[in-house]
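Have a look at the structure below before the remarks.
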Amino acid sequence: MKNVSTDHKLKERVKELKCLYAISKAAWEEDHDMPIFLSKTLSILPEAMQFPNFAEASINLGKDAFDTPGFSKCKTLLTVPLLVGRKKYGFIKIGYRPVLKGVIKKQSFLPEERKLIKMVARELSLYIKHASIEEEKRKLQMQLQHSERLAFVGELSAGIAHELNEPFGRILGFAQLIKKSGALNPQQDEDLDRIIKASLYTREIIKKLMIFSRQMPQQIVSVNLNTIISDILYFIEVRFQSKEIKIRERLDPNLPNIQADAVQMSQVLVNLITNAIHALPSGGEIIISTKQKGKSVLLLVKDNGIGMSGAIQKKIFKPFFTTKEVGQGTGLGLSVVQGIIESHKGKIAVTSTSGKGSQFQITIPIKQSKS
C-alpha cells in the first residue's frame, strides 16, 4: 500500500485474518443451516474492509439474495463469483455507501481487499457445494424411505383388499337376492337398503385399495370422457340433490375419444366429484368441463366450496391423508386419482383458495405413447 504506515498495514492484515477465521468458525458452527451462516458472513465482511463504517455486503444464490441493511445505497461495488470448478452458485458483492466529501479522499478497493473477497468467495463456494451435496443426500434418503413405505402400504393394501373382497361380495349378493324376493315389510326393506348401500361403499374402498396397490391391470380402450361423466352423474345424482348442490356440465360436444381404462377414468371422476361434494357442506355449485387442447384432453372439476390452504394442497396426494372426520374418508381418493392419471401419461394440478373453492385440472393425451 503506498503512503500507508506499517502499523496501518498490520492493522488491515489483522482485520483480514480475523475475517477469515470468523467465517471459518461460522461455517463450522452452522454446518447445516445455510441462511444463518450467510447472515453471519454478511455481518463479518464489512468489518474487514478499509472503511468498515461505510461498507455493505450482499450474497446472491440463484433467486435468493442476502443483503446488509444499507447495501442498496452502495455506489462503489466489487463483485466476485461463487465458483467451484465450472459450477457457478452465485456471487458475492462488497460495496461502499456514499460519504461526505472530505471525510475520505478516495473511496476505492485496495488490492488486499480484492484478494480477501476472492478468498472469502472460495470458502463460501466450498461451503455451499458441501451443503448442496448434503441436501441432495437428504432428499434421496427421504425418497427412498417414501418408496419403502409405499411398497409396504401397497402390499398391505393388496392383502386387505383380497381378504375383504370375497365376504363383502357375498354380503352384497345375498342382500340383493333377499330384496328381489319381495317378501319384506317396510322396515326390513329399509334395513336391507342400508346393508346394500354400506356394502357398495365398502366395495368402492376395496377397489381403491386394489388400484392403489396396482392389483387391477389396466384395460386400455377408446373412451369418451363426456360419456363417462354422464354415466357417473346418473348414478350419484341422489347424493348431491339432497344437499342443495348444483352440478353444471360444460362439455365439449366435439371432444375426441382418448385411449384409457374406462373403469379407472370412472374412479377418477367419482373421487373428484365426491371430494367436491364434501367441500360444499352448505350447498353450492360444481362445474365439470371438458375440452381439447392440442394433442390432449382437459378435464376440469371446479367447486365454490370451502377451499384448501397452501399447506393442505401440498399433502392432498399423499396416501391416507384426509381432512375428513373419522369414518368419512380413507385418504386414498386423491392418491389413487394421481396414480391413475400418471399411469395414463397425464398430469393433475390443483388450484384452491380457502373459502372460495378448488379446481382440479387433469390433462390426458389423446393417444398413449408406446413406452
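For VAL270, indicate whether it is among the aliphatic types (A, V, I, L, M), over 26 Å from the mean Cα position of the chain (by Cα) and part of a helix (DSSP H, G or I).
On the way: among the aliphatic types (A, V, I, L, M): yes; over 26 Å from the mean Cα position of the chain (by Cα): no; part of a helix (DSSP H, G or I): yes.
No: the conditions fail for VAL270.
Applying the selection to segment 46-78, what residues are small (Gly, Ala, Ser), without any contact (Cβ under 8 Å) to a residue 60 or more places away in the chain and either surrounded by 19 or more Cβ atoms within 10 Å (Cβ to Cβ) or under 20 Å from LYS15 (Cβ atoms) (or both)? I'd like the intermediate steps shown before the answer.
The first filter runs over segment 46-78 and keeps only residues small (Gly, Ala, Ser), leaving 48, 55, 57-58, 62, 65, 70, 72.
Now restrict to residues that are without any contact (Cβ under 8 Å) to a residue 60 or more places away in the chain: 55, 57-58, 62, 65, 70, 72.
Listed by number, the residues that qualify are ALA55, ALA57, SER58, GLY70.
Hey, among the residues in segment 340-371 that are part of a loop (DSSP other than H, G, I, E, B) and under 16 Å from GLN313 (Cβ atoms), which one's nearest to the chain's Cα centre (by Cα)?
Narrowing segment 340-371 to residues part of a loop (DSSP other than H, G, I, E, B): 344-346, 354-356, 366-371.
This time we only want the ones that are under 16 Å from GLN313 (Cβ atoms), so: 354-356.
Details: SER354: 17, GLY355: 21, LYS356: 20 Å.
Per the criteria, the residue is SER354.
So, of the residues in segment 25-47 that are at pLDDT 80 or above and small (Gly, Ala, Ser), which turns out to be farthest from the chain's Cα centre (by Cα)?
Selected residue: SER43.
On the basis of being of a type outside the set (A, V, I, L, M, F, W, C), within 15 Å of SER125 (Cβ to Cβ), surrounded by fewer than 17 Cβ atoms within 10 Å (Cβ to Cβ) and at pLDDT 80 or above, does PRO81 make the cut?
Values: of a type outside the set (A, V, I, L, M, F, W, C): yes; within 15 Å of SER125 (Cβ to Cβ): yes; surrounded by fewer than 17 Cβ atoms within 10 Å (Cβ to Cβ): yes; at pLDDT 80 or above: yes.
Yes; evaluated as a whole, the condition is true for this residue.
Tell me which residues, restricted to segment 351-365, are surrounded by fewer than 16 Cβ atoms within 10 Å (Cβ to Cβ) and touching a residue at least 40 places away in the same chain (Cβ under 8 Å). Lay out the reasoning, then the answer.
From segment 351-365, those surrounded by fewer than 16 Cβ atoms within 10 Å (Cβ to Cβ) are 351, 353-356, 361; that's our starting set.
Scanning segment 351-365 gives THR353, SER354, GLY355, LYS356, GLN361.
The values are calculated or read from the model by the stated rules, or taken from the named source; none is laboratory data. These figures come from a predicted structure and were not determined experimentally. Using ideal geometry, Cβ is built from the backbone for each residue, glycine included, and neighbour counts are taken over all protein chains shown.
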